[in-house]
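Data block below; observations after.
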Amino acid sequence: MAILCAIIANDLRLAWRRGADTLTAVGFFVLAALLFGFGLGGDPSALARAAAGLIWVTALLASMLALERMFAADFEDGSLDGLMMTDAPLELIMLAKAAAHWITTGLPLIVAAPGIGLMLNLPTDAFAALMLALLFGTPTLTLIGAIGAALTLGARRGGVLISLLVLPLYIPVLIFGVAATETALSGAAMDARLMALGGFFLAALALAPFAAAAALRQAVR
Amino acid sequence: MLNFLANPARFMRIFGPLLPWCWAVAVLAGGAGLVLALFASPADYQQGDSVRIMYIHVPSAWMALGAYTVIAAFSAIALVWKHPLAHVVAEAAAPLGAGFTAICLVTGMLWGKTSWGTWWVWDARLTSVLVLLFLYLGLIALRGAFDDESRGQRAAALLALVGFVNIPIIKFSVEWWATLHQPASVLRAGGPAIHPSMLWPLLLMAVAFMAYFAALLILSVRTEIARRKAEALIVAGRRQS
């Protein structure tokens, strides 16, 4: 547990001092959403209808941006080898890396989402649902992404490859995330959709660290 | 058993002779199935002759799932017992599975246009099969993305196991979500709900597709073994000279 906190604290400190990764993800999120505003011609009703889907898709792409760097820096400077030599199980280390990654990229997206929602004319009734759904959905994206990041460590064109591997696996989260936000718009209860998202998160939490650790072991050996 | 088959020469001695038999079964069952499907089986009372797309669409869908299961099984064998030959089999099956998935999607779109009136809907079954196609493409791309060949093989084997979660989702998507695509009518509890005049050509086509898959699989495994042998000989030859 101590090592878990130490890794998270260390990664957060690095991210804070560098600052670029976090800002890139949020900046991309805001810019892409703005582009949709221009692309759809600024018609408020058309924007409102598409807003939930647009926000989810841009959030999904934004959270994928920094995936490539999740292990790459540690791999290049050798600190990954050091981490793997500690007594702590590699699965736990994966969990810590994923948690730090989510705090630096997923959490800012959730904070920025209401702003984007206002810009895209999403009805304010749906904001709570949108943020709740993102809160359950983005950690799942990070956990699935950790598998992709570990698999492509050291690959040629790793960044492009990661999207090909990870995006298909993101689809269930996207479907249920948009559904949760849209049911909130229609005024119906959205518990079932949120529960499905929560279920995905728990399944990913239980399984993804093992898959990512296995992928990392064969990448580094 | 696994160790016994892990020797490439022995593997090919056992499975190589099966190759002509696979071709024969594929041609005979496929020919008979096509004749029955195109001429002997009845047209649907609503869909007319377009129902005959089923005899290609359904077997290729089964093979799309079957090929992925083969890949996942051989990937597990390769990762657990570290048999290089299992990697070769999984690698050979990936493009074949991608082909069957593409056939399944294209015939499904044609059939959808004639009977549903649309090329594509975002139905659970259609979407999950599309995801399967991207999983196949991801497997092929990941395997080729490393300078170290064995690293790519191991990464792809792991991805194959991770992506296996999609297979039960595809199989049961029509029951869990009950959207436009019809539920299973052959492999279901309570026996097939399809008339024998259509079931027989369907099963014959399925056998033909399976034999065709097996034949191509054996062929490309044999090619890969031969390629490795040739490379090893070239390296050995350089060392001597």
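The values are calculated or read from the model by the stated rules, or taken from the named source; none is laboratory data. This structure is a prediction, so every number in the text was calculated from the model and none was measured. Reconstructed Cβ throughout: ideal geometry from the backbone, glycine too, with neighbour counts over all protein chains shown. Heads up: the accessible areas ignore ligands, DNA and RNA and are worked out on the full protein's heavy atoms, side chains in. Shrake-Rupley method; radii C 1.70, N 1.55, O 1.52, S 1.80 Å.
Evaluate the range A:42-54: report whether one residue or more is touching a Phe, Trp or Tyr at 6+ places or on another chain (Cβ under 7 Å) and part of a helix (DSSP H, G or I). Checking the range A:42-54: at least one residue is touching a Phe, Trp or Tyr at 6+ places or on another chain (Cβ under 7 Å) and part of a helix (DSSP H, G or I). Take the conditions within 12 Å of another protein chain (Cβ to nearest Cβ), among the aliphatic types (A, V, I, L, M) and open to solvent by less than 20 Å² (accessible area, probe 1.4 Å) and apply them to B:LEU139. Does it pass? Here the answer is yes, as B:LEU139 does meet what is asked. Against the test of being in contact (Cβ under 8 Å) with a residue 40 or more places away in the chain, more than 11 Å from chain B (Cβ to nearest Cβ) and in contact with an Asp or Glu (Cβ under 7 Å, 6 or more places away or on another chain), the options A:THR104, A:THR138 yield a single qualifying residue, A:THR104. Counting only helices (runs of 4 or more DSSP H) that sit completely within the range A:76-174, those holding 3 or more residues that are under 22 Å from A:PHE28 (Cα atoms) correspond to A:90-101, A:107-119, A:127-151.
If you go through the range A:152-174 and keep only what is more than 7 Å from chain B (Cβ to nearest Cβ) and within 16 Å of the chain's Cα centre (by Cα), you end up with A:GLY159, A:ILE162, A:SER163, A:VAL166, A:LEU167, A:LEU169, A:TYR170, A:PRO172, A:VAL173, A:LEU174. Contact annotation: residue pairs with Cβ atoms under 8 Å, 6 or more positions apart or on different chains, pairing a residue in the range A:19-43 that is over 19 Å from A:THR138 (Cβ atoms) with a partner that is open to solvent by less than 70 Å² (accessible area, probe 1.4 Å) and in a loop (DSSP other than H, G, I, E, B), are A:PHE36/A:LEU120; A:GLY37/A:LEU120.
Restricting attention to the range B:183-208 and to residues that are open to solvent by less than 30 Å² (accessible area, probe 1.4 Å) and at pLDDT 90 or above, the residue that is nearest to B:ARG125 (Cα to Cα) turns out to be B:ALA206.
One residue stands out in the range A:76-87 among those that are open to solvent by 20 Å² or more (accessible area, probe 1.4 Å) and touching a residue at least 12 places away in the same chain (Cβ under 8 Å): the one that is farthest from the chain's Cα centre (by Cα), namely A:THR86.
Residues of the range B:147-165 that are open to solvent by 10 Å² or more (accessible area, probe 1.4 Å), within 8 Å of another protein chain (Cβ to nearest Cβ) and in contact (Cβ under 8 Å) with a residue 60 or more places away in the chain: B:ARG154, B:LEU158, B:LEU161. Looking only at residues in the range A:177-193 that are under 18 Å from the mean Cα position of the chain (by Cα) and away from chain B (no Cβ under 14 Å), the one that is modelled with the highest pLDDT is A:GLY177.
If only one of A:ALA219, A:ALA149, A:ALA196, A:ALA213 is within 14 Å of chain B (Cβ to nearest Cβ) and open to solvent by 20 Å² or more (accessible area, probe 1.4 Å), which one is it?
Values: A:ALA219 fails: open to solvent by 20 Å² or more (accessible area, probe 1.4 Å); A:ALA149 fails: open to solvent by 20 Å² or more (accessible area, probe 1.4 Å); A:ALA213 fails: open to solvent by 20 Å² or more (accessible area, probe 1.4 Å).
Within the list A:ALA219, A:ALA149, A:ALA196, A:ALA213, the selection yields A:ALA196.
Taking helices (runs of 4 or more DSSP H) that fall entirely within the range B:48-145, which contain at least 2 residues that are in contact (Cβ under 8 Å) with a residue 40 or more places away in the chain, in contact with a Gly (Cβ under 8 Å, 6 or more places away or on another chain) and not hydrophobic (A, V, I, L, M, F, W, C)?
Numbers: elements: B:54-81, B:84-115, B:124-143.
Because the criterion is at least 2 residues that are in contact (Cβ under 8 Å) with a residue 40 or more places away in the chain, in contact with a Gly (Cβ under 8 Å, 6 or more places away or on another chain) and not hydrophobic (A, V, I, L, M, F, W, C), the helices (runs of 4 or more DSSP H) in the range B:48-145 that meet it are B:54-81, B:124-143.
Selection of the range A:8-25 for residues being β-branched (Val, Ile, Thr) and modelled with pLDDT of 85 or more yields only A:ILE8.
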